[in-house]
Amino acid sequence: MMAVVIAAVVSLVVALLGTPMFIRYLVKQGYGQFIRDDGPTSHHTKRGTPTMGGAVIILATVIAYAVAHLVTWQSPTASGVLVLFLMVGLGAVGFADDYIKISKQRSLGLKSGEKLIGQTLVGVTFAVLALQFPNDALRRPASTSISFVRDTALDLAFAGPLIGLILFVLWANLMIAGTSNGVNLTDGLDGLATGSSVMVFGAYVVISIWQFNQNCQTSPGANCYDVRDPLDLAVVAAAGTGACFGFLWWNASPAKIFMGDTGSLALGGALAGLAILSRTELLIVILGGLFVTITLSVIIQVASFKSTGKRVFRMAPLQHHFELLGWQEVTIVIRFWIVAGLFVALGLAIFYAEWVVGAP
């Protein structure tokens, strides 16, 4: 359990102290954010603000994970390393996208096809590896069964292992794409995505520690959790929580730095990885309810415009709709944080209620 605390503290310190150093480097290099002309006019004052700050979040998380294991003399697990791989891999795709934007001073970075290929390569690799590495109890990081708060009876391997692998890869990539793009769409106002991510990462610290205490490998029972490495997932989640907290100090309004696609894709990927490996795949829809709501606003806007020629919102994603209604940016961020917190509270309540109801 000490590793969880160490990871949180180290990542917080690294992000808190490392971010201003990174800001100075980016300013020196002239790597500032390009602001689209079709966005809210109030955002034009943000032009030139350093971006790609997500690199600090990734670095702080990885360093904290490594330090936690070195101090406690615990070996890294397949589950922990896989989540970090997904975070770093998607962060690299986002970094390439951000770098092209700032180097060429345009709103388009990687082409949509190039970005999708990068995300898919990382996602497929993660999904295939997640079904490998059985431990002494023959438990693997992931399962082909669809999960809510634990594995359900719906098994993607209903027609054999090969079909199960193919369907699981598709399912995992759908989750990864949905979560990473959801965080990406939420990252439109100072501190909004970072603060919301803190809450979901924090929820996974609680969930993973609970799963560790009620794990089938150490505490067999009718309602135990069949998760391979729950404590190490808690270490990763704690590292992500601390890193986001430290970065938020500099990302809060008025932001001194933006996370960019580097951060949003990485954070979304890490959350998807935690959901898949903690066997809470559908629960992430509730825990990350704010991300889902904002994503749905974009889908509704596009579908309505294409089918009727009319827009439901003044601008999508949803946070920009409220900007055009005259709400102050800080007001929107705080109120959306409240909504994010309510979704997290609901998700944790459902997780705990399921255990209480099923407890012998």
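Odds and ends about this structure:
- Matching residues, the range 170-191, being within 17 Å of Gly289 (Cβ to Cβ), assigned to a helix (DSSP H, G or I) and open to solvent by 40 Å² or more (accessible area, probe 1.4 Å): Gly178, Asn181, Leu185
- Among residues of the range 241-257, those that are part of a helix (DSSP H, G or I) and either in contact with a strand residue (DSSP E or B) (Cβ under 8 Å, 6 or more places away or on another chain) or open to solvent by less than 10 Å² (accessible area, probe 1.4 Å) (or both), counted: 6
- Condition check for Phe212: farther than 30 Å from Asp98 by Cα and in a helix (DSSP H, G or I): yes
- When residues of the range 317-360 are limited to those that are outside any helix (DSSP H, G or I) and over 21 Å from the mean Cα position of the chain (by Cα), the one surrounded by the fewest Cβ atoms within 10 Å (Cβ to Cβ): Pro360
- Of the residues in the range 90-112, at least one is modelled with pLDDT of 95 or more, open to solvent by 50 Å² or more (accessible area, probe 1.4 Å) and either over 22 Å from the mean Cα position of the chain (by Cα) or under 18 Å from Asn173 (Cα atoms) (or both).
- Taking residues in the range 125-147 that are open to solvent by 20 Å² or more (accessible area, probe 1.4 Å), and partners anywhere that are among the small types (Gly, Ala, Ser), the pairs with Cβ atoms closer than 7 Å and at least 6 places apart or on different chains are Leu131/Ala142; Phe133/Ala78; Thr144/Ala157; Thr144/Gly164.
- Residues that are open to solvent by 30 Å² or more (accessible area, probe 1.4 Å) and in contact (Cβ under 8 Å) with a residue 40 or more places away in the chain, drawn from the range 18-27: Phe22
- Residues satisfying the stated conditions in the range 113-135, i.e. part of a helix (DSSP H, G or I) and either over 19 Å from Asp261 (Cβ atoms) or β-branched (Val, Ile, Thr) (or both): Ile117, Thr120, Val122, Val124, Thr125, Ala127, Val128, Leu129, Ala130
- Checking each residue in the range 270-289 for being open to solvent by 10 Å² or more (accessible area, probe 1.4 Å) and either among the acidic types (Asp, Glu) or under 21 Å from Leu192 (Cα atoms) (or both) picks out Ile284, Val285, Ile286.
- Residue check, Gly221 open to solvent by 10 Å² or more (accessible area, probe 1.4 Å), modelled with pLDDT under 95 and closer than 29 Å to Asp151 by Cα: yes
- Ala157 vs. criteria in contact with a Pro (Cβ under 8 Å, 6 or more places away or on another chain) and farther than 20 Å from Val56 by Cβ: no
- Qualifying residue in the range 258-269 (condition: in a loop (DSSP other than H, G, I, E, B) and surrounded by fewer than 21 Cβ atoms within 10 Å (Cβ to Cβ)): no
The values are calculated or read from the model by the stated rules, or taken from the named source; none is laboratory data. None of these values were measured; they are calculated from a predicted model. Here Cβ is always computed from backbone atoms with ideal geometry, including for glycine, and neighbour counts include all displayed protein chains. These area figures cover heavy atoms from the full protein model, side chains too; ligands, DNA and RNA do not enter into them. Shrake-Rupley method; radii C 1.70, N 1.55, O 1.52, S 1.80 Å.
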